[in-house]
Amino acid sequence: MTAPSPPRIDWSNWREFASAAVDRSNWTAIVPAAGRGSRLGSARPKILYPVANRLLIEWLLDFLEPNCGRMVFVLSPEGIAEVQPEIERLIPGRYEIVIQEAPRGMGDAVELALAVVKSPHVVIVWGDQVALRRASVEACMRVHEGPVNAPITCPTVIRSKPYIHFDRDASGRISGLRQAREGDGMPESGESDTGFFCFETKTLRRLLAKFREQPGMSGRQTGEFNFLPVIPFAAHEGVEILSPGLMTLGETVGINSAADAAAVEAFLRDTNGVTDERID
């Protein structure tokens, strides 16, 4: 099946395609956070790594807590004892914890979390995407709730030497995915995800279940059930995908190394830790 052509949207006028405000009762946030901070020189779970004098989880909740009624954290068996007390301190009674027994990939983590989601929409955000601005997150969620009514909203940015790149066909549809970690050839400049995604819950459940059945769905080099290939798979299945350009490059840097942590800390300090400034 071929995906319909994406609507020709001028994202500078994004409010025309957005709801008036986010209704957080319609949303659950899924945060895969089973990793440890070993590459950052920490023995603690990565989500408890400090950047700019705050834990990663605290930065994440700055933009998730106002916009999502519930949150689901996917943790490792080893990490729950350290992470759960922090979650309880920060958002008592508004979360669930799901255990990922082994590191089988982000697709596996999201699928596990979906089992406890009851809301019609989900946000998925990687546990190290702490520089995202509240205004950017809210704008993407409002677009997802807006009149276009697309089941998937996947904001993207153009990045040099990308780690992830979405291929598109001549009509602008997403047609493929390249991942450096899986040994794919990467362009000098490419269109990358932002570590933040909005889905209609029932559509995501259906897509993940169907994708599981595909031959070769595991990563060629990692052997993991990756999440990002679900995006081009959805396009092939005819699911409409919006890719709003509402995030800046600086706010989309994930923390996978000490250099990343330094860059994110500098970004947060330069913006005085403000994550809720308005989008023009």
| query | Where in segment 58-152 are there strands (runs of 3 or more DSSP E), lying wholly inside it, with at least 3 residues that are surrounded by fewer than 21 Cβ atoms within 10 Å (Cβ to Cβ) and modelled with pLDDT of 95 or more? | reply | 95-99
| said: Can you tell me which residue is nearest to Arg104 (Cα to Cα) among those in segment 9-33 that are in a loop (DSSP other than H, G, I, E, B) and out of contact with any Lys or Arg (no Cβ under 9 Å at 6 or more places or on another chain)? | reply: Asp23
| request: Could you check, for segment 184-206, whether at least one of its residues is farther than 23 Å from Glu65 by Cα, in contact with a Gly (Cβ under 8 Å, 6 or more places away or on another chain) and among the polar types (S, T, N, Q)? | output: no
| Out of (1) closer than 26 Å to Pro103 by Cβ; (2) out of contact with any Gly (no Cβ under 9 Å at 6 or more places or on another chain), what's the single condition that is false for Ile241? | (1)
| remark: Checked pairs for segment 131-151, first more than 24 Å from Glu265 (Cα to Cα), second open to solvent by 30 Å² or more (accessible area, probe 1.4 Å) and assigned to a helix (DSSP H, G or I), C-beta under 7 Å and 6 or more apart or across chains, list as Val143/Phe17; Gly146/Phe17; Pro147/Phe17; Val148/Phe17
| note | Counted residues in segment 34-56 being among the hydrophobic types (A, V, I, L, M, F, W, C), open to solvent by 10 Å² or more (accessible area, probe 1.4 Å), touching a residue at least 40 places away in the same chain (Cβ under 8 Å) and within 22 Å of Val98 (Cα to Cα) come to 1
| query | Residues Gly245, Gly172, Gly190, Gly176: which one is of a type outside the set (Ser, Thr, Tyr), farther than 24 Å from Phe63 by Cα and in a loop (DSSP other than H, G, I, E, B)? | reply | Gly172
| request: Consider only pairs whose beta carbons are under 9 Å apart and that are at least six residues apart or on different chains; among these, list those whose first residue lies in segment 253-277 and is part of a helix (DSSP H, G or I) and modelled with pLDDT of 85 or more and whose second residue is open to solvent by 20 Å² or more (accessible area, probe 1.4 Å) and among the aliphatic types (A, V, I, L, M). | output: Ala258/Leu40; Asp260/Leu40; Asp260/Val253; Ala261/Leu40; Ala263/Val253; Val264/Val253; Phe267/Val253; Leu268/Val274
| request: With the condition kept exactly as written, say whether any residue in segment 179-201 is polar (S, T, N, Q), farther than 30 Å from Ala21 by Cα and in contact (Cβ under 8 Å) with a residue 60 or more places away in the chain. | output: no
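The values are calculated or read from the model by the stated rules, or taken from the named source; none is laboratory data. Computed from a predicted structure; not experimentally measured. For neighbour counting, all protein chains shown are included, and Cβ atoms are generated from backbone atoms with ideal geometry for every residue, glycine included. Just so you know, the surface numbers come from the protein's heavy atoms only, side chains and all, with ligands and any DNA or RNA stripped out. Shrake-Rupley method; radii C 1.70, N 1.55, O 1.52, S 1.80 Å.
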